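Nothing in this text is a laboratory measurement; each read-out follows from the coordinates by a stated rule. Just so it is clear, the structure is predicted and the values come from calculations on it, not from any experiment. Here the Cβ is made from the backbone with ideal geometry for all residues, glycine too, and neighbour counts use every protein chain on show.
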Amino acid sequence: MKSALIDTNIILDLIGRRMPFYPAAARLFTIGEKQKAQLYISSLSIANISYILRKNYGRNELRQILSNFLLIVDILDLSGKIIDLALADQSFNDFEDTLQFYTARENRVDVIISRNQKAFKASDIPVMNCEQFISTIK
């Protein structure tokens, strides 16, 4: 079974129902729900998502949405080692993307799924958008 680290932008597409990206994100997470792929998120993403979406939802509603979402993904820890690796790596432009990359690498994830594939040019892990990944699942 393929494993994928889902970048924060894809999660925001799903939870925030951001068009035109929502349908592809919904299909991706349906694959995870049906256990056709193992979907992971970084613990960093939860903090970022709650911060970004706090204005769109009430506190309790957002907590319930996140709790339901966590039923279909597994959370990968953001460790001190991952932070050290990311701080030492100058090949990425965005620190958050560097943290996502090292979270995927340290956990031996097969692919990173992001709409911002250019941000991961330095990645030695394949980076796909939702549609590309979905097409690899039979």
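Tell me the Kirkwood hydrodynamic radius of the stretch 52-119 in angstroms, computed as one over the mean inverse distance between distinct C-alpha pairs. It would help to have the intermediate numbers written out before the result.
Details: mean 1/r = 0.0714 Å⁻¹.
Averaging 1/r across every pair of different Cα atoms and inverting gives 14.0 Å.
Hey, could you get me the Stokes-Einstein D for the chain, Kirkwood radius over alpha-carbon pairs, 10 °C and 1.306 mPa s, rounded to whole µm² s⁻¹? Mind dumping the intermediate values first?
Working: Rh = 15.1 Å.
So the translational diffusion coefficient is about 105 µm²/s.
P(r) for the stretch 13-90, please, calculated from all Cα pair distances in 5 Å bins and given in %.
Percent of pairs per bin, in order: 3, 13, 19, 22, 19, 12, 10, 2.
Taking amide H positions as placed 1.01 Å from N in the peptide plane, with prolines and chain starts having none, which residues 5 or more places from Asn129, or on another chain, fall under 5 Å of its amide H?
Amide H to amide H, under 5 Å and 5 or more residues apart or across chains, Asn129 pairs with Ser114.
Residues with amide H under 5 Å of Ser3's amide H, sequence separation 5 or more or different chain, H placed in the peptide plane at 1.01 Å from N; which?
For Ser3, the qualifying residues are Gln38, Asp110, Val111.
To check you understand DSSP bridge types, tell me what percent of the beta bridges within the stretch 3-136 (both residues inside) are antiparallel, rounded to 5. Display every interim value, and only then the final one.
Numbers: 0 of 11 bridges.
Here the antiparallel bridges make up roughly 0 percent for the stretch 3-136.
Taking neighbour Cβ counts within 10 Å as the exposure measure, how do Ile112, Ile15, Ile46, Ile75 sort from fewest upward? Spell out each step's value before the answer.
On the way: Ile112 26, Ile15 22, Ile46 18, Ile75 13.
By the 10 Å Cβ count, ascending: Ile75, Ile46, Ile15, Ile112.
Place a +1 charge on the Cβ of each Lys and Arg in the stretch 3-136 and a -1 charge on the Cβ of each Asp and Glu, then give the dipole magnitude about the Cα centre in debye, rounded to the nearest 20. It would help to have the intermediate numbers written out before the result.
Values: 15 positive and 15 negative charges, 104 e Å.
Charge dipole, the stretch 3-136, about its Cα centre: 500 debye, nearest 20.
With 10 angstrom as the radius, rank Asp97, Asp124, Asp89 by how many other C-beta atoms surround their C-beta, starting from the fewest.
Numbers: Asp97 23, Asp124 7, Asp89 14.
With the sparsest Cβ surroundings first, the list reads Asp124, Asp89, Asp97.
Of Thr98, Ala86, Gln117, which is farthest along the charge dipole of the stretch 48-126 in the positive direction, counting Lys and Arg as +1 and Asp and Glu as -1 at C-beta?
Gln117
In what order do Ile41, Ile72 fall by count of nearby beta-carbon atoms within 10 Å, going from fewest to most? Numbers along the way, then the final one.
On the way: Ile41 23, Ile72 14.
Exposure proxy ranking, most exposed first: Ile72, Ile41.
Using θ = phi - 60° and the Karplus form 6.51 cos²θ - 1.76 cosθ + 1.60, what ³J(HN,Hα) does each residue of the stretch 95-101 get, whole Hz, x for Gly and Pro?
3J(HN,Hα) across the stretch 95-101, in whole Hz: 5, 4, 5, 5, 5, 4, 4.
How large is ³J(HN,Hα) for each residue in the stretch 22-39, as worked out from phi by the Karplus curve 6.51 cos²θ - 1.76 cosθ + 1.60 (θ = phi - 60°), to whole Hz, x for Gly and Pro?
Result, ordered by residue: 4, x, 5, 5, 4, 4, 4, 6, 5, 4, x, 4, 7, 6, 8, 7, 9, 9 Hz.
Output the relative contact order of the chain, whole-number percent, from Cα pairs under 8 angstrom with separation of 6+ residues.
Numbers: 177 pairs, mean separation 41.1, N = 138.
Normalised by residue count, the contact order of the chain is 30 percent.
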